[in-house]
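*Asks:* Let me give you the structure first, and then I'll get to my questions.
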Amino acid sequence: MRMRATDAARPQTLVRHGQAALDAGDFARAASDFEQARQLAPENLEVSRGLLLSYLQTGRLAEAVEIGRAAVARWPGDASIACRYPPNSTEG
C-alpha cells in the first residue's frame with residue numbers, strides 16, 4: 001500500500017500543533033497532539049521529545065518516565081532527551 005503525501009506530512013503537522021500548544025501552555029492539548037503523532041510515527045524523535053515534555057507538564061509522571069526511558073534507549077546521544085531523563089536516574 002502506498003502512502004499519500006498528505007499521510008506522510010500528518011505527523012509533522014501534529015508535531016507543529018503540539019509544539020504550538022506547549023508554547024501556549026496548553027499542555028493537555030499538546031499531549032493529545034503528540035499522542036496522535038506517536039500513533040503515526042512511533043520512532044520519531046521530535047514526537048518523543050514533545051510527548052515527554054507534555055507528560056511532565058501535565059503531571060503524568062509514570063508515562064513521562066516510560067517515554068523517557070524508551071527515548072534514551074533509542075537515542076542515547078540526544079542531549080535534549082538525556083538532560084530531561086538521565087539514563088541512571090532512579091525515578092520510576
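Derivation of every value follows stated rules applied to the coordinates shown; laboratory data play no part. All values reported here derive from a predicted model rather than from experimental measurement. Neighbour counts run over all protein chains shown; Cβ positions are idealised from the backbone, glycine included.
*Asks:* If you check every pair at least six apart or on different chains, which have Cβ atoms under 7 Å apart with a residue in the range 9-28 that is farther than 12 Å from residue 50 by Cβ first and a residue that is part of a helix (DSSP H, G or I) second?
*Replies:* Taking only residues 6 or more apart or on different chains, the pairs are 10/40.
*Asks:* When you scan the range 23-38, how many residues do you find that are closer than 15 Å to residue 59 by Cβ and hydrophobic (A, V, I, L, M, F, W, C)?
*Replies:* Residues flagged as closer than 15 Å to residue 59 by Cβ and hydrophobic (A, V, I, L, M, F, W, C) within the range 23-38 amount to 4.
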